[in-house]
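Colleague: So that we are looking at the same thing, I have put the structure below in structure tokens.
The values are calculated or read from the model by the stated rules, or taken from the named source; none is laboratory data. None of these values were measured; they are calculated from a predicted model. Here Cβ is always computed from backbone atoms with ideal geometry, including for glycine, and neighbour counts include all displayed protein chains. With ligands, DNA and RNA removed, areas are computed over all heavy atoms of the protein, side chains included. Shrake-Rupley method; radii C 1.70, N 1.55, O 1.52, S 1.80 Å.
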Amino acid sequence: QVGSYEPLVYSDNGEPSATRYDGGAFKSMYLAFPFEWLPNVADRAELMGTVLQEWFGCELPCIGVEGVAVDGPPEVQIGQSGTFTATVEPGHANEPVEITWSNGTTATTSVYNWEEPGWHTVAVTATNCYGGAAASATYDVLVTCDAVTIATISGPTELALYEQGTFEVAVAPPTATVPVDVLWSNGATTTSTTYSFATPGVHTLAVTVTNCAGTAAVVDTFDVLVTCDGVTGATILGPAMLVVDEVGAFEVSVQPPTATLPIDVEWSNGATTTSTTYGFATPGVHTVAVTVTNCAGTVVVVEAIEVLACDVVTGATISGPADLMLYEAGAYQVAVAPPDATPPVDVVWNNGATTTSTLYTFADLGPQTVAVTVTNCAGAAVVTDTLGVTVTCAGVTGLSLSGPGELFVDEVGTYQVSVEPPAATLPIELIWSSGVTGTEAVYSWAAPGDYSVVVTVTNCLGTAVVTDTLAVHVRAARSYVYLPVVLRAGP
């Protein structure tokens, strides 16, 4: 039995160099297991230890870890990762060997990164023999950061009031360690942002750029001149004269057209848009006023409006034909009383016309009505008039059908119709028995016999209808007899 759990001592050829073991057993094992296939002494010792434990039931000693070495980058940039490796000594220390890093990793390699510059320590502990052997090591790493040194704002140096301008910040050096944090005075956190200003004058915008976990910071400022194109004048556009209770439309035009927005408008009637309406209940001179304001000041414009008393219309008389033929155009006029009624005098006919004269045509027979409504004084005076019109029609009373009464088979005959009276009201519809429409038709028949040509004429919305018929006898085709001609000489 092996004594006192001390490591076996042996030479490279397997011969003992210490006496605290059973030399015969060792030699037997050596003979039974030649070492040519084992690469080194440590592997041979491990094999022999296993065999001794199996053969003799010996409890062999544990080869404990005596040290651990850390290998990895001595310098890492902030925010970047570094990989570190632990190597246990001796290399043949008994397994399992438990490795624990200071970041909690339990493998032979571990990855570290840091968010703050400066010196940082990587620590590792290796244990085996069920905690009976342990070794620790530390490794110092310098975490570096390429700090921002310059921030430069670029953008427009002049803006109009409320105009939006885009501004950017450029950071130096370009190799500055990321992340690089940007904070503008408007709260934006990107490298570009927009600004607009509600008051004229010089405005200063600023940006702060930081990196290296806030240990490096630079600030830049930028002045922007905010200008305003002021209102210099205003013009009221609208009628210079109204009648009592007439509503007039007014609009304000601002000078210059390029005046900076927003432009506030306030009329004397309380309206706040660029256009409004005014009406006055009493005659005389009234005023329309408007106040226009923008960033550079205020302009007030006043216009005098003459309001006239209204001479109301009292009558309207239609003149024009009281009788019309169907579809005939009749001209009608309206005369307004008094002739000097205050304008504007509005005229509306029941056909939609709005002038003092108009044309009417009627598509229906019988009594019809022409009507007109006349107003003035802003609708305060209204008069109407009507005229009855009788619409008549000259209906067709007869037809004259002409054409051949006899044809041969397949011979084409042409037939015409004339209407009585010639002044019959248009439109006149004609339809032949063959389906043809118009004043002329052609007929032919393929067999002999007696046939009829019929035509029907209609007008006056179908109230006048006349029909005429012509009998046609169709004979068989002509036969020809050819006789010889004999010529004799004279006596």
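Colleague: I need a count of the residues in segment 254-304 that are in a strand (DSSP E or B), among the hydrophobic types (A, V, I, L, M, F, W, C) and farther than 14 Å from THR235 by Cα. It would help to see each step written out before you state the result.
Modeller: Taking segment 254-304 and keeping what is in a strand (DSSP E or B), we get 254-255, 264-267, 275-279, 284-294, 297-304.
Retained after the next criterion (residues that are among the hydrophobic types (A, V, I, L, M, F, W, C)): 254, 265, 267, 285, 288-290, 292, 299-302, 304.
Add one more test, that the residue is farther than 14 Å from THR235 by Cα, and what stays is 285.
Total meeting the criteria: 1.
Colleague: Taking segment 142-157 as the search range and keeping residues that are part of a strand (DSSP E or B), at pLDDT 95 or above and not hydrophobic (A, V, I, L, M, F, W, C), which one is nearest to VAL124 (Cα to Cα)?
Modeller: THR152
Colleague: Oh, and also: Quick one: how many residues across segment 161-207 are touching a Leu at 6+ places or on another chain (Cβ under 9 Å), closer than 27 Å to ALA259 by Cα and aliphatic (A, V, I, L, M)?
Modeller: Selection size over segment 161-207: 3.
Colleague: Pull up segment 62-119, narrow it to residues that are β-branched (Val, Ile, Thr) and assigned to a loop (DSSP other than H, G, I, E, B), then point me to the one that is surrounded by the fewest Cβ atoms within 10 Å (Cβ to Cβ). Even if it seems obvious, please write down each step before you answer.
Modeller: Looking only at segment 62-119, we keep the residues that are β-branched (Val, Ile, Thr), and these are 63, 65, 68, 70, 76, 78, 83, 85, 87-88, 97, 99-100, 105-106, 108-109, 111.
When the remaining residues are screened for being assigned to a loop (DSSP other than H, G, I, E, B), the result is 63, 65, 78, 97, 105-106, 108.
On the way: ILE63: 19, VAL65: 23, ILE78: 22, VAL97: 18, THR105: 16, THR106: 9, THR108: 16.
That would be THR106.
Colleague: A further question on this structure: Scan segment 47-60 and tell me whether some residue there is modelled with pLDDT under 90, outside any helix (DSSP H, G or I), over 30 Å from VAL178 (Cα atoms) and open to solvent by less than 60 Å² (accessible area, probe 1.4 Å).
Modeller: yes
Colleague: For THR177, work out the one condition from (1) open to solvent by 30 Å² or more (accessible area, probe 1.4 Å); (2) over 32 Å from the mean Cα position of the chain (by Cα) it doesn't fulfil.
Modeller: Evaluating THR177 over (1) open to solvent by 30 Å² or more (accessible area, probe 1.4 Å); (2) over 32 Å from the mean Cα position of the chain (by Cα) leaves (1) as the failure.
Colleague: Checking CYS393 against (1) out of contact with any helix residue (DSSP H, G or I) (no Cβ under 7 Å at 6 or more places or on another chain); (2) of a type outside the set (Phe, Trp, Tyr); (3) farther than 30 Å from ASP340 by Cα; (4) open to solvent by less than 80 Å² (accessible area, probe 1.4 Å), which test does it fail?
Modeller: With (1) out of contact with any helix residue (DSSP H, G or I) (no Cβ under 7 Å at 6 or more places or on another chain); (2) of a type outside the set (Phe, Trp, Tyr); (3) farther than 30 Å from ASP340 by Cα; (4) open to solvent by less than 80 Å² (accessible area, probe 1.4 Å) applied to CYS393, the lone miss is (1).
Residue-by-condition table, conditions (1) under 46 Å from the mean Cα position of the chain (by Cα); (2) modelled with pLDDT of 95 or more; (3) surrounded by 13 or more Cβ atoms within 10 Å (Cβ to Cβ):
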position	(1), (2), (3)
GLY279	yes, no, yes
GLY320	no, yes, yes
ALA329	no, yes, no
THR342	no, no, yes
GLY352	yes, yes, no
TYR360	no, yes, yes
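Colleague: Further question on the same structure: Among the listed residues VAL141, VAL169, identify the single one that is farther than 30 Å from ASP71 by Cβ, open to solvent by less than 30 Å² (accessible area, probe 1.4 Å) and not acidic (Asp, Glu). Give the derivation first.
Modeller: Numbers: VAL141 fails: farther than 30 Å from ASP71 by Cβ.
Matching residue, one of VAL141, VAL169: VAL169.
Colleague: Could you list, in sequence order, all residues of segment 187-217 that are closer than 26 Å to GLN80 by Cα, open to solvent by 20 Å² or more (accessible area, probe 1.4 Å) and either in a loop (DSSP other than H, G, I, E, B) or in contact (Cβ under 8 Å) with a residue 60 or more places away in the chain (or both)?
Modeller: Within segment 187-217, THR189, THR190, THR191, THR210, ALA213, THR215, ALA217 meet the criteria.
Colleague: Right, another one. Contact list please: Cβ distance under 8 Å, first residue in segment 295-320 and among the polar types (S, T, N, Q), second residue surrounded by fewer than 16 Cβ atoms within 10 Å (Cβ to Cβ), pairs at least six apart or on different chains.
Modeller: What qualifies is THR314/ALA337; THR314/PRO338; THR317/ALA335; THR317/ALA337; SER319/GLN333; SER319/ALA335.
Colleague: Let me ask another. Being over 18 Å from SER402 (Cβ atoms) and part of a loop (DSSP other than H, G, I, E, B) is the filter here, so list the residues in segment 425-467 that pass it.
Modeller: If the condition is that a residue be over 18 Å from SER402 (Cβ atoms) and part of a loop (DSSP other than H, G, I, E, B), then THR425, LEU426, PRO427, GLY435, TRP445, ALA446, ALA447, PRO448, THR463 are the ones that fit.
Colleague: Under 7 Å by Cβ, and 6 or more places apart or on different chains, what pairs join a residue from segment 108-131 that is more than 20 Å from ASP71 (Cα to Cα) with one that is in a helix (DSSP H, G or I)?
Modeller: Note: pairs meeting the criteria are GLU115/ALA213; GLU116/ALA213; PRO117/CYS212.
Colleague: Sticking with this structure for a sec: Tell me the residue from TYR195, TYR139 that is of a type in the set (Phe, Trp, Tyr) and either within 32 Å of the chain's Cα centre (by Cα) or at pLDDT below 95 (or both), please. Reasoning before the result, please.
Modeller: Details: TYR139 fails: either within 32 Å of the chain's Cα centre (by Cα) or at pLDDT below 95 (or both).
After ruling out the rest, the residue left standing is TYR195.
Colleague: Determine whether LEU470 is within 15 Å of SER402 (Cα to Cα), in contact (Cβ under 8 Å) with a residue 24 or more places away in the chain and open to solvent by less than 30 Å² (accessible area, probe 1.4 Å). First the steps, then the outcome.
Modeller: Working: within 15 Å of SER402 (Cα to Cα): yes; in contact (Cβ under 8 Å) with a residue 24 or more places away in the chain: yes; open to solvent by less than 30 Å² (accessible area, probe 1.4 Å): no.
For LEU470, the condition - within 15 Å of SER402 (Cα to Cα), in contact (Cβ under 8 Å) with a residue 24 or more places away in the chain and open to solvent by less than 30 Å² (accessible area, probe 1.4 Å) - is not met.
Colleague: Does any residue of segment 300-316 turn out to be closer than 28 Å to LEU159 by Cβ and either touching a strand residue (DSSP E or B) at 6+ places or on another chain (Cβ under 9 Å) or aromatic (Phe, Trp, Tyr) (or both)? Break it down into steps so the answer makes sense when it comes.
Modeller: Just the residues of segment 300-316 that are closer than 28 Å to LEU159 by Cβ, to begin with: none.
No, segment 300-316 contains no residue that is closer than 28 Å to LEU159 by Cβ and either touching a strand residue (DSSP E or B) at 6+ places or on another chain (Cβ under 9 Å) or aromatic (Phe, Trp, Tyr) (or both).
Colleague: Can you tell which of ASN376, ASN459 is surrounded by 16 or more Cβ atoms within 10 Å (Cβ to Cβ) and within 30 Å of ALA335 (Cα to Cα)? Steps first, please.
Modeller: Values: ASN459 fails: within 30 Å of ALA335 (Cα to Cα).
Step by step, each of ASN376, ASN459 is checked, and only ASN376 is surrounded by 16 or more Cβ atoms within 10 Å (Cβ to Cβ) and within 30 Å of ALA335 (Cα to Cα).
Colleague: Tally time: how many residues in segment 193-230 are over 16 Å from THR152 (Cα atoms), touching a Pro at 6+ places or on another chain (Cβ under 8 Å) and of a type outside the set (Asp, Glu)? Let's see the steps before the verdict.
Modeller: Taking segment 193-230 as the starting set, the residues that turn out to be over 16 Å from THR152 (Cα atoms) are 195-203, 212-215, 225-230.
With the extra rule that they be touching a Pro at 6+ places or on another chain (Cβ under 8 Å), the set shrinks to 212-213, 215, 226-229.
Adding the requirement that they be of a type outside the set (Asp, Glu) leaves 212-213, 215, 226-228.
Residues that pass the stated criteria total 6.
Colleague: Still on this structure, I have one more. Would you tally the residues in segment 427-453 being loosely packed, with under 14 Cβ neighbours inside 10 Å, touching a strand residue (DSSP E or B) at 6+ places or on another chain (Cβ under 8 Å) and hydrophobic (A, V, I, L, M, F, W, C)?
Modeller: 2
Colleague: Pick from VAL334, VAL396: which is touching a residue at least 24 places away in the same chain (Cβ under 8 Å) and in a loop (DSSP other than H, G, I, E, B)?
Modeller: Working: VAL334 fails: in a loop (DSSP other than H, G, I, E, B).
Residue meeting the stated conditions: VAL396.
Colleague: Mind checking whether some residue in segment 222-230 is assigned to a strand (DSSP E or B), at pLDDT 95 or above, surrounded by 14 or more Cβ atoms within 10 Å (Cβ to Cβ) and acidic (Asp, Glu)?
Modeller: No, segment 222-230 contains no residue that is assigned to a strand (DSSP E or B), at pLDDT 95 or above, surrounded by 14 or more Cβ atoms within 10 Å (Cβ to Cβ) and acidic (Asp, Glu).
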